[in-house]
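Data block below; observations after.
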There are 2 protein chains.
Amino acid sequence: MLSGRQFKTAIYEELSRIGKAVASPSRLELLDLLCQGPRTVEELAREAGLSVANASQHLRTLRTARLVEADKNGLYVTYRLADQQVCAFFLALRTLAENRLAEIEQIVRQFMEGREPMEPLEKEPLLERVRQGAVTVLDVRPRDEYIAGHIPGAISVPLKKLEQHLADLPTDREIVAYCRGPYCVLAVQAVEALRARGFRAVRLEDGVPDWRRRGFPVASGEDRDEHQGIKSA
Amino acid sequence: MLSGRQFKTAIYEELSRIGKAVASPSRLELLDLLCQGPRTVEELAREAGLSVANASQHLRTLRTARLVEADKNGLYVTYRLADQQVCAFFLALRTLAENRLAEIEQIVRQFMEGREPMEPLEKEPLLERVRQGAVTVLDVRPRDEYIAGHIPGAISVPLKKLEQHLADLPTDREIVAYCRGPYCVLAVQAVEALRARGFRAVRLEDGVPDWRRRGFPVASGEDRDEHQGIKSA
DNA sequence: ATTATACTCAAGTAATTGCTTAATTAATTT
DNA sequence: AAATTAATTAAGCAATTACTTGAGTATAAT
């Protein structure tokens, strides 16, 4: 028979499993990456700047908290979020941090200083134009992440392959680049590269998880070449 | 100038401040209590079963993460959530844990075993009856928490004073008791006491934060004696 | 079979965290 | 002024956590 105190202790102990899982910067980065789609240990480790052994251990921690799941195909172990709710929770944590910790805005400002402003003055109109397909939308993440989920109508142009696709991009039309979310630097670099070559480009801070949270539809799979008349390889 | 890696490291470091804050069972219990309303250090320590010094330290940690704020009136320091969003975040964490960690359900089952079932078979109809005022609703938390926020129409009968109010309670009408939420034992004890005395009583698992999350209105301040014709002291 | 690859596990260590006790500060009461 | 109360802080210790290195396992390629 459990006493009231024992009961509460046991319950909060369980709740803290989730808390402990998100108490590490590395694990938060891994979760953020997994919000983009499933990945192998090696890829996650590389993206997050961790040793493979270290990433593996962090992933085990996340798995014990039941936030992620893994399965093995051949040599590779692919990790993925155990549930979309985990992504929603990550976004809730991120948003809470953004609202409560002024330091975050400061870090972003510090990173952006010296660069030209690349977000449009007003965010809502941009979202509306993206939603209506009134602009050319570039998904500059690695191809796998695009396939796992992307903004409908967006074309996949991984940052690394941007050079090869410059000829296909419109010079007269506004280009909107997005990547994983507000703290991903891929779209920032894409916009810089595009502007340096004379394109009209802006960055959308939202990633697919943010887009989904707004209630907007998400497409998945390969893109079909009907979009904006561009083939991406 | 911040490199991409430095930027990410700094950002995830910040995000982890929130994670670290909720990585401890004691701090989660304190947050849960603060979701009910502002409290002094001593009260929080007593409710959470912590020494005052220990509670004070945990509260400092929560304050460094900007999740709570404190101000001093005379000898007393009153802590409160820095924002309602913090309560929403706590609920999100709790719900995620409930969905992902089967152990929680097991702990609840273990606690409830041997007791008569006190939740109604269907939860939605109960909520509807509570909302319509079709039942007598008892708030069995300490009076301060009732004043900070309660279900409209509920009357304040702190568990400790339940005995004194038995005469005022209806014997023919269903009584619904609620407290802080699903892991608070006050309403469980209240229902047991009421049933032992022949009342028809059920427990509502929701606390005020859960109720608010459903989008239902929350009342605050002293109750007026028009409700159910009962005066509570 | 041997080698290579992707990943996990174990051991070791440095750093951090959690809790206690005791001292200290700040405001109030006597 | 002295004593009391609420809360914070400091010191100290045990427990936990984070990361590295090196070994071990499972699968695939040669």
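The values are calculated or read from the model by the stated rules, or taken from the named source; none is laboratory data. This one's a predicted model, so the numbers in the text were calculated from it and none came from an experiment. Please note: Cβ atoms are built from the backbone with ideal geometry, for glycine as well, and neighbour counts cover all protein chains shown.
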Subject >> Scope segment B:60-84; condition within 14 Å of DNA strand C (Cβ to nearest atom), modelled with pLDDT of 95 or more and small (Gly, Ala, Ser); matching residues >> reply: B:Ala65, B:Ala70
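Just the residues that are part of a helix (DSSP H, G or I) and aromatic (Phe, Trp, Tyr), please, taken from segment A:78-99. Outline the logic, then answer.
If we filter segment A:78-99 for residues that are part of a helix (DSSP H, G or I), which is where we start, we get A:84-99.
Selection gives A:Phe89, A:Phe90.
For segment B:211-223, indicate whether the set of residues that are under 24 Å from B:Arg94 (Cβ atoms), of a type in the set (Phe, Trp, Tyr) and under 14 Å from the mean Cα position of the chain (by Cα) is non-empty.
Taking segment B:211-223 and keeping what is under 24 Å from B:Arg94 (Cβ atoms), we get B:211-220.
Okay, now just the ones that are also of a type in the set (Phe, Trp, Tyr), so B:211, B:216.
Within this subset, residues satisfying the condition of being under 14 Å from the mean Cα position of the chain (by Cα) are B:211.
So far as segment B:211-223 goes, yes, one or more of its residues are under 24 Å from B:Arg94 (Cβ atoms), of a type in the set (Phe, Trp, Tyr) and under 14 Å from the mean Cα position of the chain (by Cα).
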Subject >> Identity of the residue in segment A:70-91, without any contact (Cβ under 8 Å) to a residue 40 or more places away in the chain and aliphatic (A, V, I, L, M), that ends up farthest from DNA strand D (Cβ to nearest atom) >> reply: A:Ala82
Original post:
Across segment B:69-82, what is the total count of residues that are within 16 Å of the chain's Cα centre (by Cα) and either within 11 Å of chain A (Cβ to nearest Cβ) or under 22 Å from A:Ala23 (Cβ atoms) (or both)?
Top reply: 2
Original post:
Mind checking whether some residue in segment A:126-139 is modelled with pLDDT under 90 and in a loop (DSSP other than H, G, I, E, B)?
Top reply: yes
Subject >> Filtered residues of segment B:32-46 (kept if part of a helix (DSSP H, G or I) and either surrounded by 20 or more Cβ atoms within 10 Å (Cβ to Cβ) or more than 15 Å from the chain's Cα centre (by Cα) (or both)) >> reply: B:Asp32, B:Leu34, B:Cys35, B:Gln36, B:Val41, B:Glu42, B:Leu44, B:Ala45, B:Arg46
**OP:** Would you mind stating whether A:Lys8 is charged (D, E, K, R) and within 20 Å of B:Leu28 (Cα to Cα)?
**Re:** yes
Original post:
Exactly one of (1) more than 15 Å from DNA strand D (Cβ to nearest atom); (2) more than 23 Å from A:Lys20 (Cα to Cα) is unmet by B:Glu43. Its number?
Top reply: (1)
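From the list A:Arg60, A:Arg100, A:Arg94, A:Arg66, which one is surrounded by 19 or more Cβ atoms within 10 Å (Cβ to Cβ), within 16 Å of DNA strand D (Cβ to nearest atom) and either more than 20 Å from the chain's Cα centre (by Cα) or facing chain B (nearest Cβ under 10 Å) (or both)? Outline the logic, then answer.
On the way: A:Arg60 fails: surrounded by 19 or more Cβ atoms within 10 Å (Cβ to Cβ); A:Arg100 fails: within 16 Å of DNA strand D (Cβ to nearest atom); A:Arg94 fails: within 16 Å of DNA strand D (Cβ to nearest atom).
When all the criteria are applied, what remains is A:Arg66.
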Subject >> Residue among B:Ile175, B:Ile104, B:Ile151 that is in contact with a strand residue (DSSP E or B) (Cβ under 7 Å, 6 or more places away or on another chain) and over 24 Å from B:Arg80 (Cα atoms) >> reply: B:Ile175
